[in-house]
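Read through the structure below, which is laid out as structure tokens, and then see the notes.
The values are calculated or read from the model by the stated rules, or taken from the named source; none is laboratory data. As the structure is a computational prediction, the values presented were derived from the model and not from experiment. Counting neighbours? That spans all protein chains shown, and the Cβs are built from the backbone with ideal geometry, glycine included.
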Amino acid sequence: MEDLDQTLDAVGPRLRELRRSRETTLAELSAATGISVSTLSRLESGARRPTLEQLLPLARAHGVTLDELVDAPLTGDPRVHLKAFTRGGMTMLPLTRRAGGIQAFKMIIPANSPRREPELRTHEGYEWLYVLNGRLRMVLADHDVILSPGEAAEFDTHVPHWFGAADDDAVEFLSLFGKQGERAHFRARPKPKNP
């Protein structure tokens, strides 16, 4: 019974982190789930224990499984069940399953996307991008650059930024994002010495 209590106590902070990582307000989440703002606030703070009737719509709204929401033990199934969501004209496919730390996403901007005019934004964090297909236009403060497949960029998200398709074709890219400013770390092998 103690394990159940600990699991339920951990749901509140996980709910708050999921909502914040998706930049969703309590009012927006309330509209999506039918759960009142005050109940959502009490669930996130741990002042109220969640019921199954509350967890199901919350998992659906956050695009996670119920197991992920309550941090159920792994069953040994190696498959990753990803749920895409759309924000700002982009489809975002989470590639990481944990609520904190560096988050990885596959991002897709569709062909003929309405994301044409840069709307520069700032927020907490650090981001790294790697273009898979198409051409990505990135505006970073005074810099306006086009990234092609195989090119990468990294930046502090406190700097005003925006990205969209460079032309009418779709763009696919990977994004690593650290909300607390974590940077991606790379290791490279030294070049072999010539005999």
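A few notes on this one:
- Residues within region 6-25 that are modelled with pLDDT under 80 and either surrounded by 12 or more Cβ atoms within 10 Å (Cβ to Cβ) or not assigned by TED's automatic domain parsing to the domain that holds R48 (or both), tallied: 5
- Exclusive hit being touching a strand residue (DSSP E or B) at 6+ places or on another chain (Cβ under 6 Å), of a type in the set (K, R), over 11 Å from F173 (Cα atoms) and at pLDDT below 90, set R115, R137, R98: R115
Residue-wise test of (1) within 20 Å of A84 (Cβ to Cβ); (2) in a loop (DSSP other than H, G, I, E, B).
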{"position": "M107", "(1), (2)": "yes, no"}
{"position": "N112", "(1), (2)": "yes, yes"}
{"position": "E117", "(1), (2)": "no, yes"}
{"position": "F155", "(1), (2)": "no, no"}
{"position": "F163", "(1), (2)": "yes, no"}
{"position": "D168", "(1), (2)": "no, yes"}
{"position": "F173", "(1), (2)": "yes, no"}
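- Single match in S30, S36 (criterion: more than 24 Å from G178 (Cα to Cα), buried (at least 16 other Cβ atoms within 10 Å of the Cβ) and free of Cβ contacts under 8 Å to residues at least 24 places away in the same chain): S30
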